[in-house]
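Trainee: Structure below; questions to follow.
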Amino acid sequence: MLNERVICAGFGGQGVMLMGQLISYAGMIEGKEVSWLPSYGPEMRGGTANCSVMVSERPIGSPVITDDATVAIVMNLPSLDKFERDIISGGKLLINSSLIDKKASRSDVTAYYVPANEIAVDLGNPRVANMVMLGAFLELTKTVSVDAVMKALKKVFGDSKAHLMAINEEAMNRGAEIIKG
Amino acid sequence: MAKVLMKGNEAIGAAAIKAGCKYFFGYPITPQNELPEYMSKEMPKVGGVFLQAESEVAAINMVYGAAGAGARVMTSSSSPGIALKQEGITYIAGAELPCVIVNIVRGGPGLGGIQPAQSDYNQVTRGGGNGDYKLLVYAPANLQEMVDLMQEAFDAADYYRNPVMMVGDGMIGQMMEPIEFKESVSRFELPLKDWATTGTKGQRKPNIINSLALDPAELEKHNIHLQEKYSAMKENEVKYEAYNLENAEVVIVAYGTTSRIVRNAIIDLKEQGINVGLIRPITLWPFPEKAFDLIPSDCKAVLSVEMSMGQMIDDIKIAVNGRYPVHFYGRSGGMIPTPEGVMNKVKELVGGAK
């Protein structure tokens, strides 16, 4: 039964909050139970940001992820150091290898390395690095469909940013390709 | 209506506007800032008023004024800000005016921190200000419940002519969940606000709104009248959820987001052969004392789980009235209890793992 508990983490401006919101939004569109809980503590003032996302078939109890994340998506090194330990044994770790030189230190977790920033720059917009990671996550877990994420993105962007839909979709595809290999 | 994904603080604002709130006065404080921000954007669209006051004290007195004029009015803040509003709240309760106050609780005492807490339990249920008064206090556990209760909060405030408090912790304010804004029919028959100071137009005697009564006999009469009102609230407004009480070895009492963490622990404990029930107060005042009559007689212990150092436990002891031993597990200062922590405490109470 679907019960994903996802941590999205990075520094402010990398779009980790949006990444989490899109997963939640898409889950809601698909009729799943979802929750999104941001960090808003003093650490945010220091520039790091993270959110906890739940997508489940069952009503969601606690929206808090303590040490039971099924997936962690880390966009920078401090996030890897902080959240690697919070993944369950057998869980998945998505690492932005453009900014993180280190490898995963746990052997009971499967790590996937996605050069998100390089791909984003290649696509012509460094700001879509989060969407590359999101595409990899979706391909890997199938938590929600790319279709539903696109619907969610359309809502979030509105008319004024409609022209950015294509590059975001392309970024997700490129992320997915990394997983497909 | 279709579901929307919204942040708790914004959902409170949307639900309040839907419930007919036309005036909002507040002063910024984390972790509730998205609520006034939302109101500043949305109130003008419905012909309402948003005003950022110069202080919490000013904001609550603006609420006092607008409520006196018969308007649907709300303010919001977080713990230390709510502490500053207490003078105004007791005046509003004394003058018998309706309003809704939102408290998105953070860790204390003093300025404390900005992370979620439930350490304002005593402040919200014991008055907080001076004199014999009570607030009707709702403590929803998820955003849908909070949105559903907002209409009721405004209606109950008008019906009883009393301030109503909506309590959430930082988590409720900050998190996003799908919400459906349902059409609801008020269960109250709301009387005309013929007491409001809306101008006499020379047609009637002036209405006077006041909380000063220097004649002791008069003031006692007023207090007896207020108590009758509070008795009616105790009779009619109690809300709670009882979950898995049948054959429960231990019954946990928890509210708000803490109850969600507890629920996870209960499911995990069941898999380990330990049956635990939950009493979840939805109104903190009036406290759901009758729910405790549902506890099975061979229950070993009642456990209060709170994001505080133990405040609700006093009300639990009153409700339990010596029938079961009452224990406490809590975290404070913005630390959030884990299902594991709750489970360990339960196992300690039932005498180790099975």
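The values are calculated or read from the model by the stated rules, or taken from the named source; none is laboratory data. Model, not experiment: these values are computed from the prediction. In this analysis, Cβ positions are derived from the backbone assuming ideal geometry, glycine residues included, and neighbour counts consider all displayed protein chains.
Residue by residue, here is whether (1) on the phi > 0 side of the Ramachandran plot; (2) in contact with a Ser or Thr (Cβ under 6 Å, 6 or more places away or on another chain); (3) basic (Lys, Arg) holds:
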{"position": "B:Arg260", "(1), (2), (3)": "no, yes, yes"}
{"position": "B:Pro281", "(1), (2), (3)": "no, no, no"}
{"position": "B:Glu289", "(1), (2), (3)": "no, no, no"}
{"position": "B:Met312", "(1), (2), (3)": "no, yes, no"}
{"position": "B:Asp315", "(1), (2), (3)": "no, no, no"}
{"position": "B:Ala319", "(1), (2), (3)": "no, no, no"}
{"position": "B:Pro325", "(1), (2), (3)": "no, no, no"}
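Trainee: Step by step: first the residues of region A:149-179, then only those that are closer than 26 Å to A:Glu57 by Cα and over 15 Å from the mean Cα position of the chain (by Cα), then the one that is surrounded by the most Cβ atoms within 10 Å (Cβ to Cβ). Which residue is that?
Mentor: Restricting to residues being closer than 26 Å to A:Glu57 by Cα and over 15 Å from the mean Cα position of the chain (by Cα), the top hit is A:Lys151.
Trainee: To continue, here is another question. Select, from B:Gly81, B:Gly112, B:Gly13, B:Gly107, the only residue that is of a type outside the set (A, V, I, L, M), within 14 Å of chain A (Cβ to nearest Cβ) and under 17 Å from the mean Cα position of the chain (by Cα). Spell out the reasoning first.
Mentor: Values: B:Gly81 fails: within 14 Å of chain A (Cβ to nearest Cβ); B:Gly112 fails: under 17 Å from the mean Cα position of the chain (by Cα); B:Gly13 fails: within 14 Å of chain A (Cβ to nearest Cβ).
Answer to the check: B:Gly107.
Trainee: Could you give every pair whose Cβ atoms fall below 8 Å, whose first residue belongs to region A:91-103 and is farther than 25 Å from A:Thr66 by Cβ, and whose second residue is among the charged types (D, E, K, R) and modelled with pLDDT of 95 or more, counting only separations of at least 6 or pairs across chains?
Mentor: If the second residue must be among the charged types (D, E, K, R) and modelled with pLDDT of 95 or more, the pairs left are A:Ser98/A:Glu118.
Trainee: Test B:Asn122 against the stated conditions and say whether it is more than 25 Å from A:Pro38 (Cβ to Cβ) and not in a loop (DSSP other than H, G, I, E, B). Please lay out each step first, then the result.
Mentor: On the way: more than 25 Å from A:Pro38 (Cβ to Cβ): yes; not in a loop (DSSP other than H, G, I, E, B): yes.
Judged against the criteria, B:Asn122 is a match.
Trainee: Another question about this same structure. Could you check region B:244-297 and list, in sequence order, the residues that are within 27 Å of the chain's Cα centre (by Cα) and more than 30 Å from B:Val124 (Cα to Cα)? First the steps, then the outcome.
Mentor: Going through region B:244-297, the residues within 27 Å of the chain's Cα centre (by Cα) turn out to be B:244-245, B:250-267, B:276-295.
Hit for region B:244-297 is B:Ile267, nothing else.
Trainee: Which of the residues spanning region A:104-119 are of a type in the set (A, V, I, L, M, F, W, C) and in contact (Cβ under 8 Å) with a residue 60 or more places away in the chain? Spell out how you get there, then give the answer.
Mentor: First, the residues of region A:104-119 that are of a type in the set (A, V, I, L, M, F, W, C): A:104, A:109, A:111, A:114, A:116, A:119.
Matches in region A:104-119: A:Val114 only.
Trainee: Every residue in region B:1-25 that is free of Cβ contacts under 8 Å to residues at least 60 places away in the same chain, touching an Asp or Glu at 6+ places or on another chain (Cβ under 8 Å) and closer than 13 Å to B:Val102 by Cα, please. Give the derivation first.
Mentor: Taking region B:1-25 and keeping what is free of Cβ contacts under 8 Å to residues at least 60 places away in the same chain, we get B:10, B:13, B:17, B:22-25.
So of that shortlist, the ones also touching an Asp or Glu at 6+ places or on another chain (Cβ under 8 Å) come out as B:10, B:13, B:17.
Answer for region B:1-25, where residues must be free of Cβ contacts under 8 Å to residues at least 60 places away in the same chain, touching an Asp or Glu at 6+ places or on another chain (Cβ under 8 Å) and closer than 13 Å to B:Val102 by Cα: B:Glu10, B:Gly13.
Trainee: What do you reckon, is A:Ser39 crowded, with 24+ Cβ neighbours inside 10 Å, at negative phi and within 14 Å of chain B (Cβ to nearest Cβ)?
Mentor: Values: crowded, with 24+ Cβ neighbours inside 10 Å: no; at negative phi: yes; within 14 Å of chain B (Cβ to nearest Cβ): yes.
No, not satisfied.
Trainee: Quick one: B:Leu135 ticks every box in (1) surrounded by fewer than 22 Cβ atoms within 10 Å (Cβ to Cβ); (2) under 24 Å from B:Ile92 (Cβ atoms); (3) hydrophobic (A, V, I, L, M, F, W, C) except a single one, so which number is it?
Mentor: Here B:Leu135 clears every test but (1).
Trainee: Given the residues A:Ala136, A:Ala176, which is the only one that is within 29 Å of A:Arg85 (Cα to Cα), touching a strand residue (DSSP E or B) at 6+ places or on another chain (Cβ under 8 Å) and touching a residue at least 12 places away in the same chain (Cβ under 8 Å)?
Mentor: A:Ala136
Trainee: Another question, if that's okay. Hey, B:Ile104 hits all of (1) of a type outside the set (Gly, Ala, Ser); (2) surrounded by 24 or more Cβ atoms within 10 Å (Cβ to Cβ); (3) over 16 Å from B:Asn9 (Cα atoms) but one; which does it fall short on?
Mentor: Every listed condition holds for B:Ile104 apart from (3).
Trainee: Looking at region B:183-221, which of the residues that are in contact with a Ser or Thr (Cβ under 8 Å, 6 or more places away or on another chain) and surrounded by 11 or more Cβ atoms within 10 Å (Cβ to Cβ) is farthest from the other protein chains (Cβ to nearest Cβ)?
Mentor: B:Asn207
Trainee: It is to be established whether one or more residues within region B:161-182 are within 14 Å of another protein chain (Cβ to nearest Cβ) and in a loop (DSSP other than H, G, I, E, B). Spell out how you get there, then give the answer.
Mentor: First, pick out the residues of region B:161-182 that are within 14 Å of another protein chain (Cβ to nearest Cβ): B:168-180.
Then keep just the ones that are in a loop (DSSP other than H, G, I, E, B); that gives B:175, B:180.
Yes, region B:161-182 contains a residue that is within 14 Å of another protein chain (Cβ to nearest Cβ) and in a loop (DSSP other than H, G, I, E, B).
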